[in-house]
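Participant: Before we start, here is the structure in question, set down as structure tokens.
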Amino acid sequence: MAAITAALVKDLREKTGAGMMDCKKALTENDGDIEQAVDWLRKKGLAAAAKKSGRIAAEGLVGVASAPLKAAVVEVNAETDFVARNETFQHFVASVAEIALTVGGDLDAINAAPFPGESRTVAEQLTHLVATIGENMTIRRAAVLSVTEGAVATYVHQPLKPGLGKIGVLAAVQAPGELDALITLGRQVGMHVAAAKPEALDIDAVDPAALERERAILVDQARQSGKPDAIIEKMVEGRIRKYYEEVVLLEQVWVHDGESRVRAVAKKAGVTLTGFVRYALGEGIEKPKDDFAAEVAATAGV
């Protein structure tokens, strides 16, 4: 009998999208012949995911989970919004968020973790789900925040179910004090982040490349005024301050009162905001534009 190597299992898994153990069994049953193993998996319905892996998955759900001193947020994508209302899919997303709490935000670690209640890993359970539901699905990203004292609050905008929706936020509030009050403040910060879409926690955390792009644009705009360089420099610095107020959480105007700065709100409450994560479903995924006429033509063989 041919040796079933790890490389052979990996190759079959890449070809079919089936789980690692299923691939190993298929190769064992077919004496290491990879093409026969592919057919074996297809007959068992375990390679169905491979046919769907090229489809763009930009729908799905964002899920959050929390524990003392930490919280996790994950995004799991599917092809249609209909799947987001499937209870099995919802259970999968909620479970992945809970798993992230334990193993962290690394996707390889999440995929390799055992899925609760099943004799499969998370990755294998996802492949099974794809074959069962009939849509391409991916675990796109995950993040975990923690504090040494205080709370990491979670907020889901317009949740489909508790902890599941299309926008999920984590807000880390570092402080001693009454836990319920810290969680309440953290949720308010989460609501602010969901609405205001900050890109960085503080000025030092602003992406240097993004800042330089912004500065170059502002310098070009200011030079069109024809003013001296010294004046242009002051104009640019003023506009950079305005830029910070738009993209930096602590510099933004608190959405709950429309006048305070977030840093002033945190200072008054005696807390330190140490981090945030905002996931909006499908952001950054290029969705195909539907062309009904082209679809009909393709179906008709035109």
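The values are calculated or read from the model by the stated rules, or taken from the named source; none is laboratory data. Note that the coordinates shown come from a computational prediction; the quantities given were computed from them, not determined experimentally. A quick note on method: Cβ atoms are made from the backbone with ideal geometry, for glycine too, and the neighbour counts reach across all protein chains shown. Accessible surface is based on the protein model in full, side chains and every heavy atom, while ligands, DNA and RNA are left aside. Shrake-Rupley method; radii C 1.70, N 1.55, O 1.52, S 1.80 Å.
Participant: Among the listed pairs K70/K166; K197/K242; K242/K267; K161/K267, give every one whose C-alpha distance is greater than 27 Å.
Facilitator: Listed pairs above 27 Å: K161/K267.
Participant: Assign one of three labels to region 122-233, namely rounded, prolate or oblate, based on the Cα gyration tensor with a ≥ b ≥ c the square roots of its eigenvalues; rounded applies when a/c is under 1.5, prolate when it is not and a/b is larger than b/c, and oblate otherwise.
Facilitator: Cα axes put region 122-233 in the oblate bin.
Participant: Non-local amide H neighbours of R261 (under 5 Å, H modeled in plane, Pro and chain starts lacking H): which ones?
Facilitator: W254
Participant: With a 10 Å cut-off between alpha carbons and a GNM built on the chain, which of V189, V38, V62 moves the most?
Facilitator: The residue with the greatest mean-square fluctuation here is V38.
Participant: How much accessible area per residue does region 142-243 have, in Å², with a 1.4 Å probe?
Facilitator: Averaged over the residues of region 142-243, the accessible area is 56 Å².
Participant: Of all the accessible heavy-atom surface of the chain, with the other protein chains kept in place and a 1.4 Å probe, what percent is carbon and sulfur?
Facilitator: Percent of accessible area from carbon and sulfur atoms in the chain: 52.
Participant: Which order do peptides 271-277, 22-28, 236-242 fall in by mean Cβ count within 10 Å, highest first?
Facilitator: 22-28, 271-277, 236-242
Participant: Give the relative contact order (percent, whole number) for the chain; include only Cα pairs under 8 Å separated by 6+ residues.
Facilitator: 17 percent
Participant: Ordered by residue, what ³J(HN,Hα) values in Hz, to whole numbers, does region 274-285 give under the Karplus form 6.51 cos²θ - 1.76 cosθ + 1.60, where θ = phi - 60° and Gly and Pro are x?
Facilitator: Values, residue by residue: 9, x, 8, 9, 10, 10, 10, 3, x, 5, x, 8 Hz.
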